[in-house]
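This report refers to the structure that appears directly beneath it.
Only the coordinates and a few stated rules stand behind these numbers; no lab work does. Predicted, not measured: the structure shown is a model, and the values here were computed from it. Because the Cβ atoms are built from the backbone with ideal geometry, glycine has one as well, and the counts that use them run over all protein chains shown.
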Amino acid sequence: MSSIEEWEGLEEEAREIRRKEADWDFIESQPPRLRAALKFYVETGDLYVASRIADMSIEEFNDLRKRARIPNVC
Amino acid sequence: MSAEAFAIADTCFLIDWASWRQRDLLFKLFKTVFVPESVIKEIRSERTVEWIASSLASGSLSLFTETPDILSFARDLVERSKLFPIRGIDLPEAICLAAGRMRNYTVITENRGALMAADILEELSGVRVWRSLELITEGLRRELIRGDPLKVLEEYERDTGHRFPRRDLEVVLRELRGED
């Protein structure tokens, strides 16, 4: 079992990887709803909620995530 | 039936996994993999729909219909997970975790919140939660797939846009190469 602090550390590490590798020009070029959903995903890594923000199915949003070059870190 | 016979997969896992060229490894590891009904609604691409449909037809995948007791436990898990200062879980992955606990299924997910919940919540102690990393490692260990472990795992990352945490990857590679 890991401590909550350890999980927080792993979350921050994953967030940094997503921020660093994301194609920010692509993200900023998206319509407002998709842009907000992609930024939410970069910060949280939560595909389900991000897809709801984008008003897309999870698979559709996952394709958008790949186009935005945001890795799924897990 | 042993716990290893059955697994339940969430949407985030299946959508990633479906893009991998060796995706049928999943069916060599489990007798059947349950997919909650909600997963089916999230699949849109022809390629993934065809894979899911043919796997359901062959029995490699099976539909999992949520019962009231599973749903009630899943809602409890969602609420409990929100009490901690880390990412919580939402209902789709909570349903898989509840089934893992109540039906003794292996839970397959790529959702970090689900991993954390299984690690921290007492109600989920003993539930086995695997990511693609553990699945591929098991496939290599049992020689259900072959090849240099690093190349296989890099291929998965390329196909799916996934990123394995480097530390976890190093641990797995050391073990598979017999360096532990």
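Sort B:56-63, B:74-81 for me by packing, meaning the mean count of neighbouring Cβ atoms within 10 Å per residue, highest on top.
B:74-81, B:56-63
What is the spin-label model distance, in nm, from A:E13 to B:R75 if the labels are put 7 Å beyond Cα along the C-beta direction?
3.7
Give the long-range amide H neighbours of B:F6: residues separated by 5 or more places, or on another chain, with amide H under 5 Å away, using H modelled in the peptide plane at 1.01 Å from N.
Long-range HN contacts for B:F6: B:K31, B:T106.
5 Å is the cut-off here: which amide hydrogens, built 1.01 Å from N in the peptide plane, fall below it relative to B:D90, excluding neighbours closer than 5 in sequence?
none
Across peptide A:57-66, what mean number of C-beta atoms from other chains lies inside 10 Å of a residue's C-beta?
Average per residue, whole number: 6.
Compute the distance in nm between two label points, each set 7 Å from the Cα along the Cα-to-Cβ direction, one at B:A57 and one at B:R141.
With each label placed 7 Å out from Cα toward Cβ, I get 3.4 nm.
Just grab the label-to-label distance for B:E123 and B:D148, each label 7 Å out from Cα along the Cβ direction, in nm (one decimal).
4.7
Please give the average number of partner chain Cβ atoms lying within 10 Å of the Cβ of each residue in B:107-117, rounded to a whole number.
Values: counts 0, 0, 1, 5, 6, 10, 8, 1, 4, 7, 0.
What the average comes to for B:107-117 is 4.
Once you sort the root eigenvalues of the Cα gyration tensor of chain B as a ≥ b ≥ c, which label holds: rounded (a/c under 1.5), prolate (a/b larger than b/c) or oblate (the other case)?
Cα axes put chain B in the oblate bin.
Taking 0.36 nm per residue of sequence separation and subtracting the Cα-Cα distance, how much length would be gained by fully extending the chain between A:E6 and A:R69, in nm to one decimal?
Once the chain is fully extended between A:E6 and A:R69, it gains 20.0 nm.
To the nearest 500 deg cm²/dmol, what mean residue ellipticity at 222 nm is calculated for the protein assembly as shown from DSSP H runs of n ≥ 4 alone, each contributing -39,500 (n - 2.57), summed and divided by the residues?
Roughly -17500 deg cm²/dmol at 222 nm, from the helical runs in the protein assembly as shown.
Could you pull out every one of the lysines with an alpha carbon less than 16 Å from that of A:K20, ignoring same-chain neighbours closer than 8 positions?
Within the straight-line cut-off, A:K20 pairs with A:K39, A:K66.
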